[in-house]
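> Attaching a single structure in structure tokens format; questions to follow.
The values are calculated or read from the model by the stated rules, or taken from the named source; none is laboratory data. Since this is a predicted model, take the numbers as computed values, not measurements. Positions of Cβ are backbone-derived with ideal geometry, glycine not excepted, and every protein chain shown enters the neighbour counts. Just so you know, the surface numbers come from the protein's heavy atoms only, side chains and all, with ligands and any DNA or RNA stripped out. Shrake-Rupley method; radii C 1.70, N 1.55, O 1.52, S 1.80 Å.
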Amino acid sequence: MMRQTVLLTLQDIPYFCYPESVGHYTNHAEHAVLREAGVLGNFNIHYVAAGKGYVEADGVVHELRAGQAVLYFPHQRQHYYSSEDEPWDVRWVHFYGERLHDYMLERGLHRNLLWTLRQRNSWEDAHLALLEEVEQNRMLRPAQLSTLTYALLAEFVQHAVPLKNTRTTSKTESRVLSLLPQMQQEACEPFLLQDWADRAGVSTYYFCKIFKNAVEMTPMEFITRSRLQMAKQWLLERPSANIGQIAEEAGYPNASYFNRQFMAHEGMTPTDYRGLYHK
């Protein structure tokens, strides 16, 4: 299967980032690309969803498997190709933007060529959403194209780690990570670490260790951020509700503690936050 759409390259676009092409190849053993340095002026990400392929850099051939990706900066030499005996399911996007180069440099993305995505589904979903928008509407909705491209890039920035520092995710680690959406949904309920560790089938120590490595925060920090996010939404949706009521519904024992947590994370009180939007 081959899905590929190339768009016009725009000049002076009013968007942070914009796609030049989006595609998806499956079971295409002949897929091979060689671009010499200076040929392509776009960023591009090639992500392997299944099978395997190869990336050649500085005379060394690197194997890429499911969940791994190559990120090229503009004008880099590019040489990559599918395995013939195990053709890759590869998904890619070429993108550009006036201030994008500084954004990528600030996040250190120029330091590595090969990456592993710690959480694959969110990037794959974002890529599919962009691909379908391009196929259905091409450039009729430019703002939507930019938004979907940024969503795809944001997922990469959040979940990609250098390939040389990663290892295959175990089944146990996958069980812990699969609980994230449920933890977010139940964040306002009393948080019992032992309960979540039991659901993952691991000790509380191992649960916290896996969680911190994958999410870069402790389980309690994740719960706190999820609670505050819900509270912020309620503060705006229910302007007549008092702070104590929202604090209780968000899982805090009293308004005073809620105010301290809100101030620590948002730099203002819940009342001041609400006042930004409801005058």
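> Counting residues in the range 217-279 as N, plug N into 2.2 N^0.38 Å and put the Cα Rg over that result.
Taking the Cα Rg and dividing by 2.2 N^0.38 Å, one obtains 1.03.
> Could you compute Rg(Cα) / (2.2 N^0.38 Å) for the range 2-162, with N its residue count?
Dividing the Cα Rg of the range 2-162 by 2.2 N^0.38 Å gives 0.97.
> Heavy atoms only, probe 1.4 Å: what % of the accessible area of the range 171-276 goes to carbon and sulfur, would you let me know?
51
> Something else now. At 0.36 nm per residue, and after removing the present C-alpha to C-alpha distance, how many nm does the segment from Q182 to A154 gain when stretched out fully?
Length gained between Q182 and A154: 7.9 nm.
> Suppose all protein chains stay in the model; what accessible area per residue would a 1.4 Å probe give for the range 135-279, in Å²?
Per residue, the range 135-279 has an accessible area of 59 Å².
> Also, quick follow-up: I'd like the trypsin sites (Lys or Arg not before Pro) in the range 69-153 restricted to DSSP loop residues with at most 14 other Cβ atoms within 10 Å, sorted by number.
Taking the range 69-153 and a limit of 14 other Cβ atoms within 10 Å, the loop trypsin sites (Lys or Arg not before Pro) found are R99, R107, R138.
> While we're looking at this one, here's another question. Just the number, please: Stokes-Einstein D of the chain in µm²/s, Kirkwood Rh from C-alpha pairs, 4 °C, 1.567 mPa s.
The Stokes-Einstein estimate is 61 µm²/s.
> Distance in nm between label sites at E56 and E237, each 7 Å beyond Cα in the beta-carbon direction?
5.5
> State the extension gain, in nm to one decimal, for the chain segment bounded by D272 and L140, taking 0.36 nm per residue of separation less the distance between their alpha-carbons.
Fully extending the segment from D272 to L140 adds 43.5 nm.
> Taking each pair of different alpha-carbon atoms in the range 33-125 once, compute 1/r for the pair, average those values, and report the inverse of that mean as the Kirkwood hydrodynamic radius in Å to one decimal.
13.8
> What relative contact order, as a whole-number percentage, does the range 120-201 give when Cα pairs under 8 Å and 6 or more residues apart are counted?
It rounds to 28 percent for the range 120-201.
> Next question, about the same structure. For the range 1-106, which GluC sites (Glu not before Pro) pass both filters: DSSP loop (anything but H, G, I, E, B) and at most 12 other C-beta atoms within 10 Å?
Answer in residue order: E30, E36, E84.
> Given the Cα-Cα distance of D102 and R199 and 0.36 nm per residue of separation, how much length would full extension add, in nm?
Full-extension gain reported as 30.7 nm.
> Using R₀ = 22 Å, calculate the FRET efficiency as 1/(1 + (r/R₀)^6) where r is the Cβ-Cβ separation of R65 and E221; round to 0.05.
For R65 and E221, the calculated efficiency is 0.10.
> Okay, moving on. Pairs of alpha-carbon atoms within less than 8 angstrom and 6+ residues apart define the contacts here; what relative contact order does the range 30-144 have, in percent?
29
> Restricting attention to the alpha-carbon atoms of the range 145-279, what are Rg (one decimal) and Dmax (integer), both in Å?
17.5, 53
> Efficiency by 1/(1 + (r/R0)^6): what FRET value for A32 and V6, r their Cβ-Cβ distance, R0 = 22 Å, to the nearest 0.05?
Given R0 = 22 Å and the Cβ-Cβ separation, E is 0.75.
> Give, as a single signed number, the net charge of other residues whose beta carbon lies under 12 Å from the beta carbon of Q4, with Lys and Arg counted +1 and Asp and Glu -1.
Once all neighbours under 12 Å are counted, the net charge is 0.
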